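The values are calculated or read from the model by the stated rules, or taken from the named source; none is laboratory data. What you are looking at is a predicted structure, and each value in this text was computed from that prediction instead of being measured. Please note: Cβ atoms are built from the backbone with ideal geometry, for glycine as well, and neighbour counts cover all protein chains shown.
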C-alpha cells in the first residue's frame, strides 16, 4: 500500500469508528459516505473519489489471491484489519466501469446478549449440544453480530471444538474454554460445502456457517445437525415461515418431502431481527423467535408453513416472540418511535393490539 492510498483509506475508516458508523461507501464521482444509525451521511469535506484512486485503494488493501478473478467476476469479498480494535468486511464491485466499495465495520470486541439488547432466551440455544439454529433477516440487520455473541457465549462456558466457516472471516475469536478454528472460504477451503464435509472428520462439536448460499451447503448443514452437531447459520429471509419455505424450495420437488422431515427433526429455532433507530441514538433490535416444538415440527412436515406465524403469536408462554409484539414492547419502553415501529410491523392491526 502506497502512503497516499494508505493514509486516505485509514483516515476514512477512522471516521467511521469515531462517528459510530456501521459502513463506509466509496464510489467514483462521489464523496465518501458513512452509514450512521441506519442513515447515509456524505462526508462532504472529503474529496470526491476518482476512478484511479478507487482502483488503487482496492488493490492496496485486497489480498492478491482474492483479486485474481476480479476482472472476470467484477466483484471481490475480503476482510481488512484496520487496527487492533477493528476490522472491516469489504466488498469491491464494478459500477459503469469504475470500482466501488462497501465496507462493514466488524468491532474487535464481541458483545454480550445484554449489551446487544438481545433476549436472554438465546442462552438456551448456546447451551444445546445438537440442532440447527438460524439467524435471519435482510442485509445489514446484525445477523453476524448476533451469531458471534452466541458463539462467544459457548466459548466462555463450554469446552467444545468450534469450527467457523466464513467468506470472509469476520469476528475473530480468542480461545477461552473452547478450541476454535476459523476457516475462510477460497483461502482455507474451496467452498462452504467442502469445509462442512471436512468438519465431519475434525471431531467438531459446534459449526458456524457464515451464510447458506446453495442447496449443497444447506443439505450438509442439516445432516450435521442430525448427526449430533450444533450448527448455526444465516439466511437473507424475512421471518421464520419464509426461511423454512426458502430452504425447502432449494431442493428438487422429489426431495422436498424428505427435507421437510429432516428439518422438522433437526431445527432448534429461527431468530429473525431488524435494527430500528433508537430514540436515544444508535440502533436497537426488534425480533421474532421461533422455537421448534411438536406443533412447529408437525407444520413443517405437513407443509403448512403459512400457519407458523400464528403459532409463534400464541406461544409466548413457551418463549416464542413475534415481531409485532417485539416492536410494541420497544415503543412501550420508549426505545423507538411508534412511527419507526409501525413502518416495520408485519401486521399493523396486530401491532396496534399489542400497544
What's the number of the condition residue 85 fails, among (1) surrounded by fewer than 16 Cβ atoms within 10 Å (Cβ to Cβ); (2) without any contact (Cβ under 8 Å) to a residue 60 or more places away in the chain? (2)
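Report the residue count in the range 291-301 for those that are surrounded by 23 or more Cβ atoms within 10 Å (Cβ to Cβ) and farther than 21 Å from residue 325 by Cα.
Residues that pass the stated criteria total 1.
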Being in the same structural domain as residue 344 (by TED's automatic domain parsing), surrounded by 14 or more Cβ atoms within 10 Å (Cβ to Cβ), out of contact with any helix residue (DSSP H, G or I) (no Cβ under 8 Å at 6 or more places or on another chain) and over 30 Å from residue 340 (Cα atoms) narrows 255, 262 down to just 255
Test: residue 212 is in the same structural domain as residue 311 (by TED's automatic domain parsing), touching a strand residue (DSSP E or B) at 6+ places or on another chain (Cβ under 9 Å) and at pLDDT 95 or above: no
Condition met for residue 228 (assigned to a loop (DSSP other than H, G, I, E, B), at positive phi and under 19 Å from the mean Cα position of the chain (by Cα)): no
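This table checks each residue for (1) touching a residue at least 60 places away in the same chain (Cβ under 8 Å); (2) surrounded by fewer than 17 Cβ atoms within 10 Å (Cβ to Cβ).
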| position | (1), (2) |
| --- | --- |
| 145 | no, no |
| 156 | no, yes |
| 177 | no, yes |
| 230 | yes, no |
Within the range 74-96, which residues are modelled with pLDDT under 90 and either farther than 25 Å from residue 174 by Cβ or touching a helix residue (DSSP H, G or I) at 6+ places or on another chain (Cβ under 9 Å) (or both)? 82, 83, 85, 86
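Can you pull out the residues in the range 18-28 that are farther than 15 Å from residue 56 by Cα and in a loop (DSSP other than H, G, I, E, B)?
Passing the criteria: 19, 20.
Would you check if residue 346 is over 21 Å from residue 144 (Cβ atoms), assigned by TED's automatic domain parsing to the domain that holds residue 219 and within 21 Å of the chain's Cα centre (by Cα)?
So residue 346 passes the test.
Out of 116, 134, I need the residue that is surrounded by 15 or more Cβ atoms within 10 Å (Cβ to Cβ), under 27 Å from residue 37 (Cβ atoms), in contact with a strand residue (DSSP E or B) (Cβ under 8 Å, 6 or more places away or on another chain) and not assigned by TED's automatic domain parsing to the domain that holds residue 271. Which one?
Values: 134 fails: not assigned by TED's automatic domain parsing to the domain that holds residue 271.
Exactly one of 116, 134 is surrounded by 15 or more Cβ atoms within 10 Å (Cβ to Cβ), under 27 Å from residue 37 (Cβ atoms), in contact with a strand residue (DSSP E or B) (Cβ under 8 Å, 6 or more places away or on another chain) and not assigned by TED's automatic domain parsing to the domain that holds residue 271, namely 116.
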Residue 41 vs. criteria touching a strand residue (DSSP E or B) at 6+ places or on another chain (Cβ under 9 Å), under 25 Å from residue 186 (Cα atoms), in a strand (DSSP E or B) and free of Cβ contacts under 8 Å to residues at least 60 places away in the same chain: no
Within the range 275-290, is there a residue that is surrounded by 18 or more Cβ atoms within 10 Å (Cβ to Cβ) and assigned to a helix (DSSP H, G or I)? no
For the range 237-246, state whether one or more residues are out of contact with any strand residue (DSSP E or B) (no Cβ under 9 Å at 6 or more places or on another chain) and outside the structural domain of residue 85 (by TED's automatic domain parsing). yes
